[in-house]
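To start, the structure under review is shown below, and the notes come after it.
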C-alpha cells in the first residue's frame, strides 16, 4: 500500500464537455430504410383499418367514417414527418475512451458509454439495410439492457472498422 489515498474536489469547469464534440450524422441512405419500414407498416395497418371498417357492425354504423379516415391518414403523415426530423437528430462520436450516441426529437437523449463498460459488440444488418450497404452496431454493457445502445445507419465498411477499433480498445483494457 505505497499509494497515498487522494480524494480531490472536482469542479464543474474541469470536467470535459462532451457537448462540444463533433457529432457525425447517420448515413443519409438509412432514412430510406426507415421510410421503407414505415411504408410497409402503414400498408399493413391500412389494410387492417379498411377491413375493420367493413367487418365490425359498430364501425359500419358510425356516421363519421370519413372523419375517422382523414384523421387516420393525418396521423400517418405526421409519423413520416416525425421520422424525418428524428432521423436528422441522430448522430454518434467515437473518442479515445468512449462512444457518444445522440438521438431523439421531442426528448433528446445523449448516451455516453466508456469502452471499459462494454462487454461485447454485435454488427447487425436487416434486409433493407443490406440492400443499401448499411449496418448497425449494438454495444452490450455491464449495466444490462437499459445501458445498451444500438447505433443504426453506418456504412457496412465503417461499421466493421468501428467494431474492430472498439474491440481492440476493449482487449487492451482487459489485458491490463
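The values are calculated or read from the model by the stated rules, or taken from the named source; none is laboratory data. All figures in this text were calculated on a predicted structure; none of them were measured in a lab. Neighbour counts are summed over all protein chains in view; Cβ atoms, including those assigned to glycine, are modelled from backbone coordinates with ideal geometry.
Values as computed for the structure displayed
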| quantity | calculated |
| --- | --- |
| Sole residue being under 22 Å from residue 148 (Cβ atoms) and at pLDDT below 95, chosen from 100, 15, 51 | 100 |
| Criterion: outside the structural domain of residue 134 (by TED's automatic domain parsing), within 24 Å of the chain's Cα centre (by Cα), in a helix (DSSP H, G or I) and farther than 26 Å from residue 125 by Cα - qualifying residue of 80, 75, 42, 50 | 75 |
| Total residues in segment 40-79, condition surrounded by 11 or more Cβ atoms within 10 Å (Cβ to Cβ) and within 30 Å of residue 93 (Cα to Cα) | 1 |
| Residue within segment 127-147 that is farther than 19 Å from residue 21 by Cβ, at pLDDT below 95, in a loop (DSSP other than H, G, I, E, B) and under 16 Å from the mean Cα position of the chain (by Cα) present | no |
| Residue 85 being touching a strand residue (DSSP E or B) at 6+ places or on another chain (Cβ under 9 Å) and either loosely packed, with under 15 Cβ neighbours inside 10 Å or closer than 30 Å to residue 143 by Cβ (or both) | no |
